[in-house]
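S.K.: Got a structure for you, questions after.
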Amino acid sequence: MDATVEATTLQSFDPDLAGSSTPDWYLYLRAHEAGFDALVTRDWHQSEQVEEMWALSHTQLSIVTWRRGVNDPVRLWGQMLAYLPEIRRMIREHGPSIVLLPAVQLSKSNLEKASGRLGIVANDLGISTQEVRDEGQRLVTEQLESRGELHRFGDVLKRLR
């Protein structure tokens, strides 16, 4: 994260709040009182609760959460960090808001094979896929020879032939 973002856990902020069954509306008021700009939560069920939405609407606090629940903290934090510039921009442009991050998932449209990309490169160059393969092998082999490492990747070079 950059110098303008500070992250703290609820446990670090107030251990008593983390160790008890604290209503979300109370967390919003405490975070607002402490000068927080935003809270990140995995539990967005409170969006349907009157007390939580009333308290949130009376603060300058933004909430960042996920549209669909995900139980993998690595995926959650990774996605939040990836979206951080956009989250900041949206809050800066629109003021305190509820930011719903999209589902964390990949589909087949996010998947490509390197061999398929060789065909696209060949098409762009107006030559055959085999010509592109041969050129790639030649370039890699030359560079490995110049590094004195041709023997190091023999198993890969055998598959190229």
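The values are calculated or read from the model by the stated rules, or taken from the named source; none is laboratory data. Being a predicted model, the structure only gives us computed values, none of them experimental. Reconstructed Cβ throughout: ideal geometry from the backbone, glycine too, with neighbour counts over all protein chains shown.
S.K.: I'd like to know if segment 124-133 contains one or more residues that are closer than 30 Å to Leu10 by Cβ and of a type in the set (Asp, Glu). Reasoning before the result, please.
M.R.: Initial filter on segment 124-133 (closer than 30 Å to Leu10 by Cβ): none.
No, segment 124-133 contains no residue that is closer than 30 Å to Leu10 by Cβ and of a type in the set (Asp, Glu).
S.K.: Give the residue that is nearest to Asp24 (Cα to Cα), with candidates limited to residues of segment 37-72 that are assigned to a helix (DSSP H, G or I) and touching a residue at least 24 places away in the same chain (Cβ under 8 Å).
M.R.: Glu52
S.K.: Here are some conditions: (1) loosely packed, with under 15 Cβ neighbours inside 10 Å; (2) assigned by TED's automatic domain parsing to the domain that holds Phe36. Leu106 meets all but one. Which one does it not meet?
M.R.: Of (1) loosely packed, with under 15 Cβ neighbours inside 10 Å; (2) assigned by TED's automatic domain parsing to the domain that holds Phe36, only one is false for Leu106: (2).
S.K.: Which members of segment 109-156 meet the condition of being outside any helix (DSSP H, G or I) and surrounded by 10 or more Cβ atoms within 10 Å (Cβ to Cβ)? Explain how you work it out, then say what you get.
M.R.: As a first pass, look at segment 109-156 and keep what is outside any helix (DSSP H, G or I): 111-113, 126-128, 148-149.
Scanning segment 109-156 gives Glu112, Ile127, Ser128, Glu149.
S.K.: Let me ask something additional. Taking the condition closer than 30 Å to Ala38 by Cβ and part of a helix (DSSP H, G or I), does Leu84 pass? Steps first, please.
M.R.: Values: closer than 30 Å to Ala38 by Cβ: yes; part of a helix (DSSP H, G or I): yes.
So Leu84 fits the description; yes.
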